[in-house]
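Working notes, structure below.
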Amino acid sequence: DPMDINSASEKELASLPKIGEARAKAIVKGRPYGGKDDLMNKKVIPQDAYDSIKDLVIAKQKKEEAKKPEAKKDEKKK
């Protein structure tokens, strides 16, 4: 199964190719991610590292975060 960059531990992330401890810390610090491509968009890791892990990771969204946009829509209707 792909590793979730939004919930994996630093140790788990560090086990990925071209990541290591420093990049794993940067990934954790940059959370949450809307998609795995945010690792590149937010300049958390370089392109070569992203290319090495893009097929090994996913970015799951928390259920609470999925509900937030609905709450904003309800506020606009008032």
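Brief remarks on what is shown
- Screening segment 1-21 for residues that are part of a loop (DSSP other than H, G, I, E, B) and of a type in the set (Gly, Ala, Ser) and picking the one that is farthest from the chain's Cα centre (by Cα) gives Ser15.
- Whichever residue in segment 25-41 is basic (Lys, Arg) and within 8 Å of the chain's Cα centre (by Cα) and, among such residues, is farthest from Lys63 (Cα to Cα): Lys36
- Screening the candidates Ala59, Ala8, Ala66, Ala26 for the property of being of a type in the set (A, V, I, L, M) and at pLDDT below 95 yields one hit, Ala66.
- Whenever a residue of segment 32-53 is surrounded by 13 or more Cβ atoms within 10 Å (Cβ to Cβ) and part of a loop (DSSP other than H, G, I, E, B), its partners that are among the basic types (Lys, Arg) and modelled with pLDDT of 95 or more, lying with C-beta atoms within less than 6 angstrom and at least six residues away or across chains, give the pairs Ile45/Arg23.
The values are calculated or read from the model by the stated rules, or taken from the named source; none is laboratory data. These numbers come from a predicted model, not from an experiment. When we count neighbours, we look across all protein chains shown, and the Cβ atoms used for this are built from the backbone with ideal geometry, even at glycine.
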